[in-house]
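Report on the following structure.
The values are calculated or read from the model by the stated rules, or taken from the named source; none is laboratory data. What you see is a predicted model; the values in this text were computed from it and never measured. Don't worry about glycine lacking a Cβ; one is built from the backbone with ideal geometry, like all the others, and counts go over all protein chains shown. Heads up: the accessible areas ignore ligands, DNA and RNA and are worked out on the full protein's heavy atoms, side chains in. Shrake-Rupley method; radii C 1.70, N 1.55, O 1.52, S 1.80 Å.
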Amino acid sequence: MTRRETISNAALESFAASGEISIEEVRRLSGASVGSIYHHFGGKDGIAAALYVEILRDYQSAVARALRRAPDAEAGVKALVRCHLRWVVRNPDRTRFLLHSGAARVAAGDELKELNRDLSTTLGEWIEDRPAIRPLPREVFYATVIGPSQELSRHWLTGRIRSLSKLEDELAEAAWRAVRADPSS
């Protein structure tokens, strides 16, 4: 693992423990000097932005892989839901960071815009080739498919529900019903 990765992992651990990234805690957890932290990230905002981009890139890569593997529109929509829920369960601290790091999102700036543009392009190209999905703006499609799963993920992260996996099939089916072109099928 590189020094940069060690620092990044320590930043996530710091956030998971206290809800914030502390340079002193990152230094302690990573074994890196303060100078090394600043060299690699330029400070606390830089660490947060880099961590946000790293986590979001991982999530979006999983989403893109799920779409590419889907044999048809229904399977793809359901795969998006399952991918989202399973990623959250495998990555609760990373999910919390994404959900609660508005400042990091802002600091990520252009890199975040590029990531989101790439996912939007992938999603748009995938939808265009699937006439079984009713025409919707990409943002509306994604919010409709992922929104309910995102909300239940928040509940799971706070302990208000016990299992996301038990809800997978129902959420996947609801998402498909919401975006399919022929509601009678």
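Of all the residues that make up region 84-94, how many are open to solvent by 10 Å² or more (accessible area, probe 1.4 Å) and either in a helix (DSSP H, G or I) or more than 19 Å from ILE47 (Cα to Cα) (or both)?
First, pick out the residues of region 84-94 that are open to solvent by 10 Å² or more (accessible area, probe 1.4 Å): 86, 89-94.
So of that shortlist, the ones also either in a helix (DSSP H, G or I) or more than 19 Å from ILE47 (Cα to Cα) (or both) come out as 86, 89-90, 92-94.
Counting residues in region 84-94 that are open to solvent by 10 Å² or more (accessible area, probe 1.4 Å) and either in a helix (DSSP H, G or I) or more than 19 Å from ILE47 (Cα to Cα) (or both) gives 6.
Among the candidates GLU111, GLU173, GLU125, single out the residue that is exposed (fewer than 13 other Cβ atoms within 10 Å of the Cβ), in a helix (DSSP H, G or I) and at negative phi. First the steps, then the outcome.
Working: GLU111 fails: exposed (fewer than 13 other Cβ atoms within 10 Å of the Cβ); GLU173 fails: exposed (fewer than 13 other Cβ atoms within 10 Å of the Cβ).
Criteria check complete, one pass: GLU125.
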Failed condition for LEU164, given (1) exposed (fewer than 15 other Cβ atoms within 10 Å of the Cβ); (2) touching a residue at least 12 places away in the same chain (Cβ under 8 Å): (1)
Every pair of residues 6+ apart whose Cβ atoms lie under 6 Å, when the first sits in region 18-47 and is free of Cβ contacts under 8 Å to residues at least 24 places away in the same chain and open to solvent by 30 Å² or more (accessible area, probe 1.4 Å) while the second is among the polar types (S, T, N, Q) and assigned to a helix (DSSP H, G or I): SER22/SER14; GLU25/SER14
Among the candidates SER61, SER36, residue that is of a type in the set (S, T, N, Q) and over 30 Å from ILE127 (Cβ atoms): SER36
Whichever residue in region 95-108 is in contact (Cβ under 8 Å) with a residue 60 or more places away in the chain and open to solvent by 20 Å² or more (accessible area, probe 1.4 Å) and, among such residues, is nearest to ARG154 (Cα to Cα): ARG96
Single condition LEU119 does not satisfy, out of (1) crowded, with 18+ Cβ neighbours inside 10 Å; (2) farther than 26 Å from ALA181 by Cα: (2)
Unmet criterion (only one of (1) modelled with pLDDT of 95 or more; (2) open to solvent by less than 60 Å² (accessible area, probe 1.4 Å); (3) within 26 Å of ILE23 (Cα to Cα)) for GLN60: (3)
Extreme residue, least open to solvent (accessible area, probe 1.4 Å), among residues of region 69-83 that are over 19 Å from ARG94 (Cα atoms), of a type outside the set (A, V, I, L, M, F, W, C) and touching a helix residue (DSSP H, G or I) at 6+ places or on another chain (Cβ under 8 Å): GLY76
Single residue of ILE55, ILE47 found to be touching a Lys or Arg at 6+ places or on another chain (Cβ under 7 Å), closer than 25 Å to SER36 by Cα and not small (Gly, Ala, Ser): ILE55
